[in-house]
Amino acid sequence: MQNEIKRVISEIDKISEKKPLKVISHNDTDGITSAAIFSRVLQRWNKKFTLEIVKNLDKEYIDSLGEDNALIFLDLGSGSLNYLKEKNTEVFILDHHELIQEIPKNVRMINPLLFDNENCSAAAVCYLFGKEISDQNKDLANLAIIGMVGDSFDSEINKTYQPIIEDAEIVKKRGPLLYPATRPLDRILEYSSGIYIPGVTGSFRGVIELLREAGIQKGPQGYKCICDLNDQEMSNLITAILLRKKGDKKAGDIIGNIWLTKFFNKLEDAREISALINACSRMGYPDAALGLCLGNRSEKRNSERIYAKYKKSISTALKYVTESEKIIGHNYTIINAKDNIKDTIIGTVTSIISYSPLYEEGTVIIGMAYDENNRLKVSARLSGKNGRNVRDVLAKAVEPLDAEVGGHPQAAGCLISKEDEEKFIENLKSQLEIEVVKIQDGKKQNV
């Protein structure tokens with residue numbers, strides 16, 4: 001991949017002397033950290049550019065792009081190659097999503113899946129691009145780590161990430177994935193993000209009982225943070241949580257890497273920063289999220305206010321999902337929220353539901369909501385780690401329709417015309433009800 005990065009750097013350098021650069025990035029944590037890294041790199045490289053953050057790429061948007069600029073896509077574009085090949089200009093894509101279309105002649109791509117098959121986030125790709133230009137860009141490694149966490153690449157670190165981690169100011173611990181790990185334990189247990197603990201989440205009394213069982217005492221300054229626990233306290237806390245989640249097949253998923261990174265000259269939980277960035281974008285303020293990533297203190301305060309509103313919106317959306325009718329089949333649940341949930345948060349809501357102990361591992365959760373252009377935004381998630389490839393499921397369901405699918409085997413999405421809503425749901429149900437059979441070691445296994 002490094003050789004391709006060098007070639008793309010050389011090409012962008014030459015083209016930038018003739019044309020301005022237009023950078024287009026995705027509006028999630030990985031996309032916004034990618035945009036922050038790449039814009040800072042271009043600024044230091046003395047390149048003229050404009051930047052736009054978008055929710056998704058579709059034919060109408062791509063057709064609207066002028067051809068006086070060289071186009072650079074970050075964290076998107078791999079699923080839109082059939083549209084991009086029609087552009088009469090140079091196109092560069094720094095992405096990590098699966099490729100299902102042939103790469104056109106006018107497109108140059110840096111995508112880890114084309115090389116060593118070790119996937120990484122787009123923020124990591126952008127960081128490696130910037131570092132190749134100058135070691136001055138090493139100070140952007142922390143943003144690459146936040147992008148890594150935001151796109152869930154932090155559970156198993158591959159060789160692509162090793163040099164990035166070494167460049168970043170990182171403290172890594174192993175523990176329960178409650179965040180922010182830099183806040184007092186009693187607070188994050190009661191209002192836990194990331195883990196639902198029966199009898200504890202939402203219950204102050206349940207929190208105190210759990211901490212007492214774990215032998216974690218309240219000190220003069222209050223309870224410790226997760227990142228301050230010693231090995232014995234961490235072990236006791238994990239045991240106490242697992243006992244309350246006994247019988248939950250996904251209980252083992254609560255343990256993982258906690259990444260503490262320097263942010264505004266203070267160690268912060270990368271998961272919390274990722275959630276903050278994502279919240280700003282989902283509420284329609286990607287500029288605030290970008291400013292936060294670029295170190296703007298005013299935008300930091302603004303983003304924290306937006307985050308509070310976002311949490312309230314998520315709570316309202318989850319209440320609606322709990323009370324609404326759903327389409328339920330064997331190993332799948334479809335939630336068609338229509339205009340009752342914002343399209344910008346339906347993916348987050350679907351992700352939260354996929355971690356719920358109410359759903360067995362392998363259950364496919366599909367969330368849907370209308371966007372401002374009267375289209376149907378579809379988000380698919382796999383509950384647990386083993387089961388159907390949700391990206392393939394969506395791709396087959398949209399085959400008769402004019403729609404593009406993006407994402408990964410465990411998390412994917414697409415946009416559907418509202419007129420095709422009923423047809424899409426029927427196609428989706430047909431795909432989800434197909435029994436998948438794998439042949440392994442000479443034995444038939446149902447998945």
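Looking across region 373-391, just one residue is surrounded by 23 or more Cβ atoms within 10 Å (Cβ to Cβ), farther than 25 Å from residue 54 by Cβ and not hydroxyl-bearing (Ser, Thr, Tyr), and that is 382. Residue 200 falls short on exactly one of the conditions (1) in a helix (DSSP H, G or I); (2) within 19 Å of residue 315 (Cα to Cα), and that condition is (1). Annotation note: of 411, 395, the sole residue that is crowded, with 21+ Cβ neighbours inside 10 Å and either among the hydrophobic types (A, V, I, L, M, F, W, C) or within 21 Å of residue 57 (Cα to Cα) (or both) is 395. Being surrounded by 14 or more Cβ atoms within 10 Å (Cβ to Cβ), of a type outside the set (S, T, N, Q), at pLDDT below 95 and in a loop (DSSP other than H, G, I, E, B) is the filter here, so list the residues in region 45-66 that pass it. Passing the criteria: 55, 57, 58, 65.
Filter region 120-137 for residues that are outside any helix (DSSP H, G or I) and within 13 Å of the chain's Cα centre (by Cα); which is surrounded by the fewest Cβ atoms within 10 Å (Cβ to Cβ)? Break it down into steps so the answer makes sense when it comes.
Quick first cut of region 120-137, residues outside any helix (DSSP H, G or I) only: 120-121, 134.
From the residues that got through so far, the ones that are within 13 Å of the chain's Cα centre (by Cα) too are 120-121.
Values: 120: 25, 121: 31.
Filtering region 120-137 for residues that are outside any helix (DSSP H, G or I) and within 13 Å of the chain's Cα centre (by Cα), the one surrounded by the fewest Cβ atoms within 10 Å (Cβ to Cβ) comes out as 120.
Taking region 376-401, which residues are hydrophobic (A, V, I, L, M, F, W, C) and part of a strand (DSSP E or B)? 376, 378, 380, 382, listed by residue number. Just one of the listed residues (359, 310) is more than 20 Å from residue 282 (Cα to Cα), of a type in the set (Ser, Thr, Tyr) and in contact (Cβ under 8 Å) with a residue 24 or more places away in the chain, and it is 359.
Screening region 138-174 for residues that are buried (at least 19 other Cβ atoms within 10 Å of the Cβ) and not in a helix (DSSP H, G or I) and picking the one that is nearest to the chain's Cα centre (by Cα) gives 151. Is it the case that some residue within region 13-24 is assigned by TED's automatic domain parsing to the domain that holds residue 74, within 28 Å of the chain's Cα centre (by Cα) and part of a helix (DSSP H, G or I)? Looking through region 13-24, none of the residues is assigned by TED's automatic domain parsing to the domain that holds residue 74, within 28 Å of the chain's Cα centre (by Cα) and part of a helix (DSSP H, G or I). Screening residue 196 on (1) among the aromatic types (Phe, Trp, Tyr); (2) farther than 21 Å from residue 38 by Cα; (3) crowded, with 20+ Cβ neighbours inside 10 Å shows it passes everything except condition (3).
Cβ-Cβ distances below 7 Å connect the following pairs, each with a first residue in region 36-60 that is farther than 25 Å from residue 139 by Cβ and assigned by TED's automatic domain parsing to the domain that holds residue 24, a second residue that is surrounded by fewer than 17 Cβ atoms within 10 Å (Cβ to Cβ) and not small (Gly, Ala, Ser), and a separation of six or more residues or different chains: 54/61.
The values are calculated or read from the model by the stated rules, or taken from the named source; none is laboratory data. Just so you know, these numbers come straight off a predicted model, no measurement behind them. Every residue, glycine as well, gets a Cβ built from its backbone with ideal geometry; the counts of neighbours run over all protein chains shown.
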